[in-house]
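Take a look at the structure below.
The values are calculated or read from the model by the stated rules, or taken from the named source; none is laboratory data. Everything quoted here is computed from the prediction, not taken from an experiment. Ideal geometry is used to build each Cβ from the backbone, glycine not excepted, and the neighbour counts take in all protein chains shown. To get the accessible areas, we keep the full protein, side chains included, count just its heavy atoms, and leave off ligands, DNA and RNA. Shrake-Rupley method; radii C 1.70, N 1.55, O 1.52, S 1.80 Å.
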Amino acid sequence: MNREIKIPDMGEAADVEVIEICVSKGDEVAQGDALIVLESDKASMEVPAPWAGKVFSVAVALGDKVEEGTLVLMLEGDAQLAEPTGDQATPKPEPEKQIKSTPASEPVVTKSAPVAQPPVSSTPSVALPVDSSEVYAGPSARRLARQLGVDLTSVHATGARGRILKEDIKAYVKQALQGGAATSGENMSAIPAIGEVDFSRFGPVDSQPVSRLMLRGAKQLHASWLNLPQVTNHEEVDVTNLDAFRREQNTDTEKPKLTLLPFIMKACASALLRHSQLNGSFADGGQTFVKKLYVHLGMAVDTKEGLIVPVIRNVDQKGIYALAQESQTLAQKSRTRKLKPEDLQGGSFTISSLGVLGGTGFTPIVNAPQVAILGVARSDIKPIWQADGSVQGRLILPLSLSYDHRAVNGADAGRFLADLKACLEDIGRLLLY
Ligand code: CAO
């Protein structure tokens, strides 16, 4: 049987606005579920279902101004089955917490009344707390937050006038389960959520799903960014002689082409054996530090689908041509999606060479659980003072070393970079080790 649900006696309040409609036609509701939310200039309240049933039709719209007796909706169900609430046959309305626009000094009192037929005469007063630290949320949202153990002060509100909706609480829980916590920003120690923006409001857009590769990379980078205290040291290396040497070798077209990268790899591997702190990882939840006695270098490769980091094993034991060949093969495989899972595993240190795209420097993010990464930017000819007082144009290569400061001190990083610089400026040094 359909029964009309009307706005109950709201005391003095008239022209009260409907700010939320919690149900739609066909919804099954339990007794006490919020049907609509009203807001006056003093307070807001939910109108709960007086009995369980199915919504036959909704008679109000968002923004409507209503008063006592306005028809809210038609509810199918048996009013006789409604459980008595206290001394009444219908549930009492549940006033919400403070309205933000209410001055904190003004005590707010709103009338609480049964909302459905039959009208109930008693209308006990409910004093609303006026604590500016309190959040703005309805009873059903608060009930849900209590059930899920969610601190409402951490939830980002999307409802009208900063009101927390049930959907906001569900979104918060979902994000927390995925590893992050969306917060209102008031909790300074938590990670504030970035709100969704409808960019099409500002102009044409082209929306595409994010590739799985990018999602995986994003997760890895985000985890590293959040977990590791990272510092970056910068160094400039004079690679004039090295570059002349590699160009000379490149006249032999039978051999793999030499870029600066295999030389940088070889010099890094050598330096990592002497500065093994940078070739390690934390284990046992940070209780153990594992220094790897091998040097497997990750090499960041730019592909159309996103960044891929294949690994070249035992770099310290390979020659320059072998490294050149292997890096070209792995770059090609990365770009044609031919890599095997083992090609991507076991890296102990990473090199990210942006080469000609590199600009004058950048701060790479450590590829955790590794503890250090070398960024290589673009080499350029610069005027450099010489010991004899002359100025020469020299080819200068900018290097940036990012590291997990828990594992590597600034001095460790400085020594590693100085060693690397010395090897690259005089590649013959590598013969000494
Ligand atoms: N400065 C100036 N020129 C450089 C250079 C540098 N630091 N490094 C390489 N070059 C030159 C090479 O010598 C080559 O020029 P020539 O043909 O005249 O010799 C040209 O740039 C192209 O080199 P390459 O990129 O084909 O080869 P590579 O061995 O230097 O690098 C690879 C290979 C796979 C690392 C690179 O192609 C790549 O993908 N880099 C991008 C990595 C990346 O995206 N990092 C960012 C990660 S964070 O988002």
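One line per residue, one yes/no per condition, for (1) within 9 Å of the ligand (Cβ to nearest atom); (2) farther than 21 Å from SER224 by Cα:
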{"residue": "SER281", "(1), (2)": "no, no"}
{"residue": "LEU323", "(1), (2)": "no, yes"}
{"residue": "GLN328", "(1), (2)": "yes, yes"}
{"residue": "LEU357", "(1), (2)": "yes, yes"}
{"residue": "ILE384", "(1), (2)": "no, yes"}
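Kindly provide the set of residues from the range 386-416 that are over 26 Å from the mean Cα position of the chain (by Cα) and within 16 Å of the ligand (Cβ to nearest atom), ordered by number.
GLY393, ARG394, LEU395, ILE396, LEU397, PRO398, LEU399 - these are the residues of the range 386-416 that are over 26 Å from the mean Cα position of the chain (by Cα) and within 16 Å of the ligand (Cβ to nearest atom).
Looking only at the range 324-335, decide whether some residue is in a loop (DSSP other than H, G, I, E, B) and either out of contact with any Asp or Glu (no Cβ under 9 Å at 6 or more places or on another chain) or at pLDDT below 95 (or both). Step through it out loud before you land on a result.
Going residue by residue through the range 324-335, those that are in a loop (DSSP other than H, G, I, E, B) are none.
No, the range 324-335 contains no residue that is in a loop (DSSP other than H, G, I, E, B) and either out of contact with any Asp or Glu (no Cβ under 9 Å at 6 or more places or on another chain) or at pLDDT below 95 (or both).
Suppose we filter the range 220-252 for residues that are within 13 Å of the ligand (Cβ to nearest atom), among the polar types (S, T, N, Q) and out of contact with any Gly (no Cβ under 9 Å at 6 or more places or on another chain); how many remain?
5
Every residue in the range 8-19 that is part of a strand (DSSP E or B), at pLDDT below 85 and out of contact with any helix residue (DSSP H, G or I) (no Cβ under 7 Å at 6 or more places or on another chain), please.
As a first pass, look at the range 8-19 and keep what is part of a strand (DSSP E or B): 16-19.
Filter once more, so that each one left must be at pLDDT below 85: 19.
None; the set is empty.
Return the residues of the range 240-293 that are without any contact (Cβ under 8 Å) to a residue 12 or more places away in the chain, of a type in the set (Ser, Thr, Tyr) and assigned to a helix (DSSP H, G or I); say none if nothing qualifies.
none
Name the single residue, out of those in the range 26-66 being closer than 10 Å to VAL16 by Cα and modelled with pLDDT of 90 or more, that is nearest to the chain's Cα centre (by Cα).
Selected residue: ASP64.
Return the total of residues in the range 253-279 being away from the ligand (no atom under 16 Å from the Cβ) and under 19 Å from LEU344 (Cα atoms).
1
So which of GLU342, GLU326 is open to solvent by 50 Å² or more (accessible area, probe 1.4 Å), of a type outside the set (S, T, N, Q) and closer than 23 Å to GLN249 by Cβ? Talk me through it step by step, then tell me what you get.
On the way: GLU342 fails: closer than 23 Å to GLN249 by Cβ.
Within the list GLU342, GLU326, the selection yields GLU326.
Looking only at the range 265-287, which residues are surrounded by 22 or more Cβ atoms within 10 Å (Cβ to Cβ) and under 13 Å from PHE416 (Cα atoms)?
Scanning the range 265-287 gives ALA267, CYS268, ALA269, ALA271, LEU272, LEU278, ASN279.
Based on this model, can you work out whether VAL376 counts as more than 9 Å from the ligand (Cβ to nearest atom) and at pLDDT 95 or above?
Values: more than 9 Å from the ligand (Cβ to nearest atom): no; at pLDDT 95 or above: yes.
Against the criterion (more than 9 Å from the ligand (Cβ to nearest atom) and at pLDDT 95 or above), VAL376 does not qualify.
Checking ARG163 against (1) modelled with pLDDT under 90; (2) farther than 29 Å from ILE308 by Cβ; (3) open to solvent by 40 Å² or more (accessible area, probe 1.4 Å); (4) of a type in the set (Lys, Arg), which single condition isn't satisfied?
(3)
When both residues are 6+ apart or on different chains and their Cβ atoms are under 8 Å apart, which pairs have a first residue that lies in the range 13-34 and is on the phi > 0 side of the Ramachandran plot, and a second that is part of a loop (DSSP other than H, G, I, E, B) and open to solvent by 50 Å² or more (accessible area, probe 1.4 Å)?
Sorted first by the residue in the range 13-34, then by its partner, the pairs are ASP15/GLU67.
Can you report the number of residues in the range 396-428 which are of a type in the set (D, E, K, R) and either closer than 9 Å to GLU235 by Cβ or open to solvent by 40 Å² or more (accessible area, probe 1.4 Å) (or both)?
Residues in the range 396-428 being of a type in the set (D, E, K, R) and either closer than 9 Å to GLU235 by Cβ or open to solvent by 40 Å² or more (accessible area, probe 1.4 Å) (or both): 5 in total.
Of all the residues that make up the range 30-64, how many are touching a strand residue (DSSP E or B) at 6+ places or on another chain (Cβ under 8 Å), aliphatic (A, V, I, L, M) and not in a strand (DSSP E or B)?
7
Based on this model, can you work out whether LYS291 counts as surrounded by fewer than 19 Cβ atoms within 10 Å (Cβ to Cβ), at pLDDT 95 or above and away from the ligand (no atom under 13 Å from the Cβ)?
Numbers: surrounded by fewer than 19 Cβ atoms within 10 Å (Cβ to Cβ): yes; at pLDDT 95 or above: yes; away from the ligand (no atom under 13 Å from the Cβ): yes.
In short, yes.
Of all the residues that make up the range 294-321, how many are open to solvent by less than 10 Å² (accessible area, probe 1.4 Å) and more than 16 Å from the ligand (Cβ to nearest atom)?
Within the range 294-321, residues that are open to solvent by less than 10 Å² (accessible area, probe 1.4 Å) and more than 16 Å from the ligand (Cβ to nearest atom) number 1.
Looking at this structure, is ALA372 in contact (Cβ under 8 Å) with a residue 12 or more places away in the chain and under 25 Å from the mean Cα position of the chain (by Cα)?
Numbers: in contact (Cβ under 8 Å) with a residue 12 or more places away in the chain: yes; under 25 Å from the mean Cα position of the chain (by Cα): yes.
Criteria met by ALA372.
Among the residues of the range 184-236, write down those that are among the charged types (D, E, K, R), open to solvent by 100 Å² or more (accessible area, probe 1.4 Å) and modelled with pLDDT of 95 or more. Reasoning before the result, please.
Initially, the range 184-236 is screened for residues among the charged types (D, E, K, R), giving 186, 196, 198, 201, 206, 212, 216, 219, 235-236.
Filter once more, so that each one left must be open to solvent by 100 Å² or more (accessible area, probe 1.4 Å): 186, 196, 201, 206, 212, 216, 219.
Of everything in the range 184-236, just one residue is among the charged types (D, E, K, R), open to solvent by 100 Å² or more (accessible area, probe 1.4 Å) and modelled with pLDDT of 95 or more, namely ASP206.
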